[in-house]
Amino acid sequence: MMNNAIKIVIVDYGMGNLNNVKNSFKKIGFDSAITHDFHEIEKATHLVLPGVGGFKDAMKELRNKDLVQPIKDVILNRNLVSFLGICLGMQLLFEHSEEFGDTEGLGILKGKVIKFNSDIVPIIPHVGWNDIAIKKNGIKEFQHIRNNSFFYFLHSYYCKPDDETITAASCFYYETFAACVKKDNIFACQFHPEKSHDAGLALLKNFVS
Amino acid sequence: MLAKRIIPCLDIKDNKVVKGINFESVKSAGDPVELAVSYNDDLADELMFLDITASFEKRKTLIELVKEISKNIFIPFSVGGGISDINDIRNLLNSGADKISINTSAVLNPDLIDEAAKKFGSSTIIIALDVKNINGRYCVFTHGGRKNTNIDAIAWSKEVYNRGAGEILLTSMDMDGTKKGYDIKLTNLVAQNVKIPVIASGGASCAEDFENVFNEGLASAALAASIFHYKETNITAIKNYLRTKGIGVRI
């Protein structure tokens with residue numbers, strides 16, 4: 001692999017519109033490919049798993065497209081790939097989700113995806129701009145991003161990693177939850193950087209750099 | 001802290017932004033893409049596009065417009081107006097819309113709410129209510145405010161919440177276009193009866209109106225059109241004011 005050849009691949013598995021993610025990369029000066037072709041995914045230097053919608057449907061689509069194992073292989077076996085999970089794409093990394101009973105996820109990260117506790121949280125989904133508390137200052141994704149910057153969230157479930165030290169940023173919305181996780185070549189965020197204006201574009205730029 | 005949202009609304013007719021007064025007599029206010037970009041830069045938290053033409057031939061141009069807008073803005077945006085089925089929703093989401101707002105079709109076919117929420121996730125489905133006070137009773141209107149369904153607005157709010165709506169866009173037809181402030185009482189009533197965000201709409205004229213609808217109306221977000229289109233005020237100025245009042249906003 002050439003060091004300077006950046007190839008951003010956005011995994012298309014039929015969940016929501018991915019052009020918004022592509023448009024954001026374009027805005028910061030990078031081309032990207034939207035595809036579910038494994039041969040393309042394998043060539044990525046930067047792999048993005050976005051996603052809007054239900055956890056169960058998403059896993060079904062990934063299975064139908066024979067993408068479960070290939071994505072796991074690319075993320076886990078090739079440390080040269082920088083991985084970015086967005087929203088549902090973050091949740092899918094974990095072992096299982098409470099959404100629609102109990103649904104198995106990709107299991108790349110240990111932990112589960114749980115629903116906001118409706119006894120504590122008066123309004124679900126968590127929708128809108130929330131500030132985040134950065135826990136891992138040194139990582140490249142947060143370069144030039146101020147602590148307590150606002151990002152756009154839209155979700156009813158959140159990730160609960162077994163290993164809390166992978167939480168790169170937390171968010172408080174009646175409950176404290178993981179806004180971002182970072183482990184090795186994996187970075188994932190519960191918010192939508194592609195919808196988070198300047199802060200989101202800065203984060204995407206950091207991811208590619 | 002979750003910030004209170006300010007949402008400029010662009011009523012679209014024949015690919016132009018227009019704004020009516022009490023849902024009638026429209027007057028052109030500008031180019032939608034240009035306005036969308038300027039709001040994106042002026043700290044709008046979200047944008048709402050309501051297609052008030054919504055005739056069949058015009059749908060295609062709306063799709064093109066949605067695509068064009070999504071290429072140019074990096075904040076969430078919702079599209080509503082004339083959405084009748086799952087296909088319409090899918091087409092708009094595929095064109096770049098983040099959320100879809102449904103009004104008349106949800107009243108005519110409430111199962112559409114359940115189906116859409118299941119298919120695309122509750123978070124992408126906004127149910128819009130156009131409400132008018134008729135002899136002391138809040139009634140839901142459909143067909144762009146032309147038809148009184150006699151459905152009670154509070155009962156309908158609860159029902160759409162139970163069916164899986166992710167947000168409620170609540171427009172007071174009594175206040176819309178009057179610049180006399182949001183209908184605080186109506187907004188508060190609806191917000192107290194559902195556990196999803198309520199976006200208040202209709203009547204905004206100044207920063208204090210936003211303060212009132214957030215504090216007393218319990219709205220999660222507030223929508224306005226003409227005061228922004230005609231540059232009577234701007235979003236940053238309103239947010240600066242709200243911040244001095246202790247209301248959490250994204251600046």
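The values are calculated or read from the model by the stated rules, or taken from the named source; none is laboratory data. What you see is a predicted model, and the numbers here were worked out from it, not measured in a lab. All Cβ positions, glycine included, derive from the backbone under ideal geometry; neighbour counts span all protein chains shown.
Some notes on this structure:
- Scanning segment B:85-102 for residues that are part of a helix (DSSP H, G or I), away from every other protein chain (no Cβ under 14 Å) and surrounded by fewer than 16 Cβ atoms within 10 Å (Cβ to Cβ) yields a single hit, B:87.
- Residue satisfying all of: in segment B:32-63; part of a loop (DSSP other than H, G, I, E, B) and at pLDDT 90 or above; nearest to the other protein chains (Cβ to nearest Cβ) among these: B:45
- Of the residues B:100, B:113, B:134, B:125, the single one that is at negative phi, over 19 Å from the mean Cα position of the chain (by Cα) and aliphatic (A, V, I, L, M) is B:134.
- Within segment A:30-44, restricting attention to residues that are without any contact (Cβ under 8 Å) to a residue 24 or more places away in the chain and either among the charged types (D, E, K, R) or within 14 Å of another protein chain (Cβ to nearest Cβ) (or both), the residue that is surrounded by the most Cβ atoms within 10 Å (Cβ to Cβ) is A:37.
- In the set (1) more than 13 Å from every other protein chain (Cβ to nearest Cβ); (2) more than 24 Å from residue B:104 (Cα to Cα); (3) in contact (Cβ under 8 Å) with a residue 40 or more places away in the chain; (4) touching a Lys or Arg at 6+ places or on another chain (Cβ under 7 Å), the condition left unmet by residue B:174 is number (2).
- Only one of A:156, A:118 that is crowded, with 16+ Cβ neighbours inside 10 Å, of a type in the set (Gly, Ala, Ser) and within 26 Å of residue B:247 (Cα to Cα): A:156
- Test: residue in segment A:85-96 that is part of a strand (DSSP E or B), within 17 Å of the chain's Cα centre (by Cα), surrounded by 22 or more Cβ atoms within 10 Å (Cβ to Cβ) and not polar (S, T, N, Q): yes
- Which listed residue, of A:62, A:47, is more than 14 Å from every other protein chain (Cβ to nearest Cβ) and either in a loop (DSSP other than H, G, I, E, B) or under 17 Å from residue A:203 (Cβ atoms) (or both): A:47
- Qualifying positions in segment B:5-31 - among the polar types (S, T, N, Q) and at pLDDT below 75: B:22, B:25, B:28
- Close contacts from segment A:142-168, counting a first residue that is within 9 Å of chain B (Cβ to nearest Cβ) and a second that is of a type in the set (Phe, Trp, Tyr) and part of a loop (DSSP other than H, G, I, E, B), with Cβ to Cβ under 6 Å and a gap of 6+ residues or different chains, come to A:152/A:191; A:153/A:191.
- Complete set of residues in segment B:103-138 that are within 14 Å of chain A (Cβ to nearest Cβ) and of a type outside the set (A, V, I, L, M, F, W, C): B:114, B:115, B:118, B:119, B:121, B:122, B:123, B:124
- Residue check, residue A:184 surrounded by fewer than 20 Cβ atoms within 10 Å (Cβ to Cβ) and free of Cβ contacts under 8 Å to residues at least 40 places away in the same chain: no
- Residues in segment A:76-91 that are closer than 17 Å to residue A:10 by Cβ and among the aliphatic types (A, V, I, L, M): A:81, A:84, A:86, A:88, A:90.
- Scanning segment B:154-174 finds one or more residues that are crowded, with 24+ Cβ neighbours inside 10 Å and more than 30 Å from residue B:35 (Cα to Cα).
- In segment B:190-213, the residues that are within 13 Å of another protein chain (Cβ to nearest Cβ) and of a type in the set (Gly, Ala, Ser) form Cβ pairs under 6 Å with partners that are assigned to a loop (DSSP other than H, G, I, E, B) and surrounded by fewer than 23 Cβ atoms within 10 Å (Cβ to Cβ), at six or more places apart or across chains, as follows: B:191/B:218.
- Residue that is farthest from the chain's Cα centre (by Cα), among those in segment A:99-109 that are surrounded by 14 or more Cβ atoms within 10 Å (Cβ to Cβ) and in a loop (DSSP other than H, G, I, E, B): A:99
- Residue in segment A:124-141 that is nearest to the chain's Cα centre (by Cα), counting only those that are more than 14 Å from every other protein chain (Cβ to nearest Cβ) and of a type outside the set (S, T, N, Q): A:141
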